[in-house]
Structure formats: structure tokens, C-alpha cells
Amino acid sequence: MNFDWSFFWHYLLLPSGVFLHGLMLTVVISIVSQILGSVLGLAAAFARRARAKWLNLPARAYIWVMRGTPLLVQIVFIYTGFAAAQIFRFNDINLGFMVISGNVQAGIVALSLNEGAYMAEIIRAGIDAVDFGQTEAAKSLGMTHWMLMRRVVLPQTLRMILPTIGNQFNIMLKNSTLVSIIGVPELLLVTETINSATFRTFELYSVVALYFLMLTTIWGFVQHWIETRIAPARMPATVRPKGEILSFHPVAGEQ
Amino acid sequence: MSEAILSAIGGVPQADSDEVIVASNVEKWFGNTKILDDVSLTVRQGQAIAIIGPSGSGKTTFLRCINHLESIQRGRITVNGYLIGYRERNGALIEDKERNIARQRQDIGMVFQRFNLFQNMSALRNIAAAPIHVRGMAQAEAFEIARALLARVGLADKQDAYPAQLSGGQQQRVAIARALAMRPKVMLFDEPTSALDPEMVGEVLAVIRELAAEGMTMLIVTHEMAFARQVADHIVVMDQGRIIEQGAPSVVFESPTHDRTKLLLRAIL
């Protein structure tokens, strides 16, 4: 086997500035897209649950399209496709201290839109999983829909879907490599660039794979920390549906 | 219970009109099935009325119509003098705005068969949440009332416990305290002991009995005949969506006139 260990160790332990910049882009794009996608997903989940057709139908269509087409196609479509059709062109934004290039914006938009569709379904399932009796109790106390969502249902939804969100971000970290197709110099594209100059494919892809493994491992620890912090003991894991299974009525009025 | 429960909320809440609940000719359909058929009932200030009847007789549905958790198709229900769930326009009833319905529900306490405590809140927060967020009460005041209520239902030491850490009987007592914290003009009890283990029924009934003794206006759907007889000053018997008989407990229990009532009571007593 032809494996250049010193090359491998060098790129693994002494990454170049370009490589570190790629790492930074991967992390930033993933975090921003996950946050935007979650916000979008929350809105889409509510729209999807709404009785009004003008909310419900667009939400359904959005989720259907984004979950039904490849992410890679969506990325190219939004950046290159829109520009080619002269629908919309992502221009660089100069913030003074830094420039956010058009392809980074398009990458984030595509990843967020895609993530939003999945998050919408996750959040919707999480909302529906909260016992409806609590919603009725909140209503009976005079709470409006939004108030009871905010105070009663969503806090429980969040706890329930936290492991799933963690899983989604793990996927997001790896899916962010797809924006390399539109020229965003994140980890994978940087690796490819170095590869085209050195042809040390096996060593370089080992390095990039290990970097992703490191990112997802760190995230695994962070996720565990968040989950333990948001008090799992408060979750009603021990609540049993008493009236239905475990007890009978002592002086039942019927039968 | 050494101290009166209602003293924790400043005494017996008084409704604006003597007739706290007036239901007239209420009709309710689920699809093609008539659930409530021409139900009329008046609950006056200070009355404790028990509704009994076989399963499927519509008693729980009727109770849920009173705070508009269920819609009605005919008739009208007023609480505290105001039409609930609907507005009248040109003689027709149209569904009211959510905000208005929510405002009226503030005055109607409800206790559910399955407790329905908020699982993400401690016992204390369960009780204080609505006074704070709905009534806009200061946190300190709301927690003080919540603590007093918890003490009166015998759970002073459970204020930080989450519902999952409480027994069914304890949860139901917290649920009663939660409803009372809003100073409701009337309390609706929907089979409050049906989901409890036998040994916990007594502690919940004791609280409800105490409330009745203190003069709280109440409408109780129950299967506990002995309890109904003891606590209520008026018994309503429902069957197949209709009120078939009503009157003083002694009359209904000792000399029922309707055959269905006789059958129902024979099955139990």
C-alpha cells in the first residue's frame, strides 16, 4: 500500500490556513443553517397544523418538494439555476469587517430550506405527541392558543424532539459538504483543491474524514450535555395511563 | 383540613347573576348522532349539582359544552349571565372569537377525569401559571395563593414535585387547586375520581365535599352515587342525551319515578 504517513500526519496535525478556514466555514454554515432551518420548521409546522387552507396547503407543498428532491439539486437550483434564469442572483454582501460571498449565502439558504422541511415534520410530530388533555386544561383556564403553545406544549415538545434535533445537526454537518458543488471553500472543496495539486487522495480524504468524525464526536458530547441539562427527570416517563389499564372503578355506575 | 379552602382565594367567588349557569334546550350532534337532546338546566350561586347516568348518556359532553370545549348545534348556554362560545347576530348564534371564549373560561374552573396537569411544571407552577399569564397577577402574589391552596388540599410539602412524581390522588388535588386559583365563579368536575385507584378516591372526594360545604358553586359529573347523594343539593339524571329526572337527592334516590333511574340505582345500591 502506498500511504505517505508523514503527509497524512502533517495535514492532520498542522492544517494550513486555507484548511482551517474551510473548517470554520463548515461549522458556521452548519450552525446557521440548522438555526434558520429550525425557525423555518417551527413556522412550517404551525402552518401545516393550521385549519386555514391558505396556510396549510403552501406548507404541505413546501415540505413535499423539499423532502422529495435531492439536496444537491436544490443547492445548484437555488444558486446557479436562479442566476441562469435571471430570477435571482446571490451577490456578495460586504459587512465592512467581512464579506459573505454569494455562494455561501445560497448554500445557507438551500440547506436551511431543506432542513426546515424535515424540522417541520419533526416539530409537528412533537407537538401532536403532547397529551391533548393538557391543551384542554390550559384552555379551560382561559389560555389562548398561542399562550398554551408557548407555556405548556412547546416546552414539552422541545424536550421530546431534542435527541432528534441532535441527529439532524449531525446530518447537517456532513450534508454541508454538498455546497462545495457551488464553489464554497468548505472542508471538502479545500481538500479537493489540495488533492488536485498533490494527488495524495487517500491521505487527504482520510484527513477530511477524521475531521468530520471529530466534529460529529464533539457535537455528540455537546448534545449529551444539553439533554442532561434540560432535566430529563422532569419528563413524565413514569406516568402510566392509570384510569385505563391499572384501575377499575370501585362503584361503577354502569354495566 | 383545618382551614377553609376558599379562604386561600379570598372567600367564595360570587357570580354577577344568581343564575351562574343557564342552559336552555341544548342540542349537540356528532355527525348523525344526537348526543344532547333538549337539555335545560340552571345552576344557582352556591348550588352543588351532581349529574349521574349511564356511560354514553351525554353527561360529560354536556359539562364540556358549558366551557365550550364542545360546540353545540342548538339552544344556548350562559355562564355568569353571558352567552358562552357564541355571539348572537340577527337571532342566529355564530361562533365567538377565541379571545372572548378564553376570557369567559377564566371564570369557569374545570377538573378533568385524567387530571391533565402540565407535565413541564412543578405543582406550584401548575397552580400559579394561569393567574400569572392569564390574569396578569404578580408572581409573588400568585405563588403565595398557590402555596396557600396547596396547603389547604394537604400538599404543602409537594410544591416542587412534578406531576410524574405525584400519585393520582395528589395530582387530582393539585388540579383542583389549579382551577380554584383563577377564582372561578363555578367549578365543573368531570368524573374526578374515575381514573383513581380505589384507595385514593377518598382524599379527592374529601376536598370536593369541603368545597361544597364552603358554598362553592359546582356541577359534578360522577359515578359515585353515595358521594353524589351526600354532597349535592340537587341530582340530575341523564340518559341517552336527555335529562330524564331531577330533584332533591332524597327524592331521586329514594323514590325515583323513571324506570331508567330505578334500573341505574338498582345496579349500584
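Observations on the structure shown:
- Residue-level check: of (1) surrounded by fewer than 23 Cβ atoms within 10 Å (Cβ to Cβ); (2) facing chain A (nearest Cβ under 10 Å); (3) touching a residue at least 60 places away in the same chain (Cβ under 8 Å), residue B:121 misses just (3).
- Just one of (1) in contact (Cβ under 8 Å) with a residue 12 or more places away in the chain; (2) in a helix (DSSP H, G or I); (3) surrounded by 18 or more Cβ atoms within 10 Å (Cβ to Cβ) fails for residue B:164. It is (3).
- Qualifying positions in the range B:10-41 - open to solvent by 20 Å² or more (accessible area, probe 1.4 Å), assigned to a strand (DSSP E or B) and either out of contact with any Lys or Arg (no Cβ under 8 Å at 6 or more places or on another chain) or β-branched (Val, Ile, Thr) (or both): B:22, B:29, B:30, B:33, B:35, B:40
- Yes/no for residue A:122 being touching a Ser or Thr at 6+ places or on another chain (Cβ under 6 Å), of a type in the set (Val, Ile, Thr), modelled with pLDDT of 95 or more and farther than 30 Å from residue A:184 by Cβ: no
- Filtered residues of the range B:70-93 (kept if open to solvent by less than 20 Å² (accessible area, probe 1.4 Å) and in contact (Cβ under 8 Å) with a residue 60 or more places away in the chain): B:79, B:80
- Flag for residue B:159 being open to solvent by 40 Å² or more (accessible area, probe 1.4 Å), of a type in the set (S, T, N, Q) and touching a residue at least 12 places away in the same chain (Cβ under 8 Å): yes
- Criterion violated by residue B:264 - all others in (1) away from chain A (no Cβ under 14 Å); (2) touching a residue at least 40 places away in the same chain (Cβ under 8 Å); (3) in a helix (DSSP H, G or I) satisfied: (1)
- In the range B:80-89, the count of residues that are more than 30 Å from residue B:263 (Cβ to Cβ), facing chain A (nearest Cβ under 8 Å) and out of contact with any helix residue (DSSP H, G or I) (no Cβ under 6 Å at 6 or more places or on another chain) is zero.
- Filtered residues of the range B:55-78 (kept if within 14 Å of chain A (Cβ to nearest Cβ) and under 17 Å from residue B:236 (Cβ atoms)): B:55, B:56, B:57, B:58, B:59, B:60, B:61, B:63, B:64, B:65, B:66
- Filter pass, residue B:63 being assigned to a strand (DSSP E or B) and not β-branched (Val, Ile, Thr): no
- Selection status of residue B:96, acidic (Asp, Glu), surrounded by fewer than 22 Cβ atoms within 10 Å (Cβ to Cβ), under 22 Å from residue A:149 (Cα atoms) and touching a Leu at 6+ places or on another chain (Cβ under 9 Å): yes
The values are calculated or read from the model by the stated rules, or taken from the named source; none is laboratory data. These figures come from a predicted structure and were not determined experimentally. Note that we place each Cβ from the backbone using ideal geometry, even for glycine, and neighbour counts take in every protein chain shown. Each accessible area value is taken on the protein alone, full model and side chains, heavy atoms only, with ligands, DNA and RNA left out. Shrake-Rupley method; radii C 1.70, N 1.55, O 1.52, S 1.80 Å.
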